[in-house]
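Each remark here refers to the structure printed beneath this line.
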Amino acid sequence: MIEHILNFFRPLIPKRLFRAAQPIYHYLLALWGTFIYRFPSKKIIVIGVTGTKGKSSTTEYVAAILERAGYQVALMNTIRHKIGNRSEPNKFKMTMPGRFFIQHFLRQAINAGCTHVVVEMSSEGVIQYRHRFIYLDALIFTNLSPEHIESHGSYENYVKAKLEIGKRVDRKHGVIVVNKDDTEAEKFLALPIPHKITYSLEETRHDIRPDSICLSFKNRYIESPLKGKFNLYNMLAAATYADYLGIDGETIKSALEHIHIIKGRVEEVDEGQDFTVVVDYAHTADSLTKVYEAYDGYTRVGVLGGTGGGRDTGKRKEMGAIADTYCKKIF
């Protein structure tokens, strides 16, 4: 109700005054939302996942492992919102919806008997304080590369926004799981979080094949039908966190091997055609390059539709140039 009231008066407020008051506006909404739903994140184990790439996939892997281990799990990411066995597509077209929605979702998860909730967390959500009053038990950091520069003003501000999420982790018992291979890893490891764990594909036996990826973890050989080095990183992040929780290697292996598709993430569409169709959410130059490289040996046709909505327009030429390098034809 309060959000509707504030939105009613918003057009009447001078733009300069509204911009100056935005931090207070967003903070009060976040506070009111958590107050209405009685601070739900304090009553459930919350695992956040952040980074530039791989967030959605990693949340899916973590949730799958937890469910295989017997936990009741809720999941909120760019792809879908899931509580127990009920799953709905994320129709908001944003990673972190409004503050009231998030707090309401957490309360619904508790009411449904969930013990864990896995939440994808974005830097855009930090700008609008959507991360506030989400008390994290764990945070998984995947990687960082330039993204959302137009809304943050600089790459340095983008990094600061990501680090701000780390400040939501419990200072007494929390854990952060960090991709050691990323250039920004040390900044996340410097956060005042009691338990710090790293993972590294450079230190892990793995194999990237034309039709699958393989990973050796805790003396278990994990083979997935998914493709690309990026998926190996995401699997390793989830497995590392699960191992920290004490989940056995066989459960981790079983969960990861049973994921044959993640919607919109290197998703192969087979309708009987005699060519391969792949749908992917690649939204940075680096991720687009890695998708094309995952299909080395194919004659590639690129259909580009990214950087829409007026955001990050500066990378359009770069992504077009990458498509021109790898593709025989571009639409």
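Need the list of aspartates and glutamates near Lys172 for cross-linking: C-alpha distance under 14 angstrom, and skip anything on the same chain fewer than eight residues off.
Those aspartates and glutamates meeting the cut-off are Asp137.
What 222 nm value per residue comes from the helices of the chain, counting each DSSP H run with n ≥ 4 as -39,500 (n - 2.57) and dividing by all residues, nearest 500 deg cm²/dmol?
Calculated at 222 nm, the ellipticity per residue is -12000 deg cm²/dmol.
What figure, in Å² to the nearest 10, do you get for the accessible area of Asp211 with a 1.4 Å probe and non-protein molecules left out?
Solvent-accessible area, nearest 10 Å²: 100 Å².
Roughly how many debye, to the nearest 20, is the charge dipole of the stretch 76-150 about its Cα centre, given +1 on each Lys and Arg Cβ, -1 on each Asp and Glu Cβ, and no other charges?
360 debye
Take the alpha carbon atoms of the stretch 168-229, find their center, do the same for the stretch 52-112, and report the distance between the two centers in whole angstrom.
If you average the Cα positions of each part, the centres end up 21 Å apart.
Would you tally the net charge around Leu75, using a Cβ to Cβ cut-off of less than 10 Å, leaving Leu75 out, and scoring K and R as +1, D and E as -1?
So the environment of Leu75 carries a net charge of -1.
Of the candidates Ser212, Ser57, Ser123, which one comes out as most mobile in a Gaussian network treatment of the chain with C-alpha springs shorter than 10 Å?
Taking springs between Cα atoms under 10 Å, the residue moving most is Ser212.
So what's Rg/Rh here for the stretch 190-331, counting alpha carbon atoms and using the Kirkwood radius for Rh?
In the stretch 190-331, Rg relative to Rh is 1.02.
What ranking, highest mean first, results for peptides 131-142, 170-181 when packing means the other Cβ atoms within 10 Å averaged over each residue?
My ranking of the peptides, most packed first, is 131-142, 170-181.
Just the C-alpha atoms of the chain: what Rg/Rh do they give, with Rh taken as the Kirkwood radius?
My calculation of the ratio gives 0.96.
Determine the sum of side-chain charges near Ala112: Lys and Arg each +1, Asp and Glu each -1, restricted to other residues whose C-beta is under 15 angstrom from that of Ala112.
Within the 15 Å Cβ shell, the charges total +2.
Apply the Karplus curve 6.51 cos²θ - 1.76 cosθ + 1.60, θ = phi - 60°, to the phi angles in the stretch 190-197 and return the couplings in whole Hz, x for Gly and Pro.
7, 5, x, 10, x, 10, 10, 10
The values are calculated or read from the model by the stated rules, or taken from the named source; none is laboratory data. Just so you know, these numbers come straight off a predicted model, no measurement behind them. Every residue, glycine among them, receives a Cβ derived from its backbone with ideal geometry; neighbour counts consider all protein chains shown. Protein only, heavy atoms only, side chains kept; ligands, DNA and RNA dropped before computing areas. Shrake-Rupley method; radii C 1.70, N 1.55, O 1.52, S 1.80 Å.
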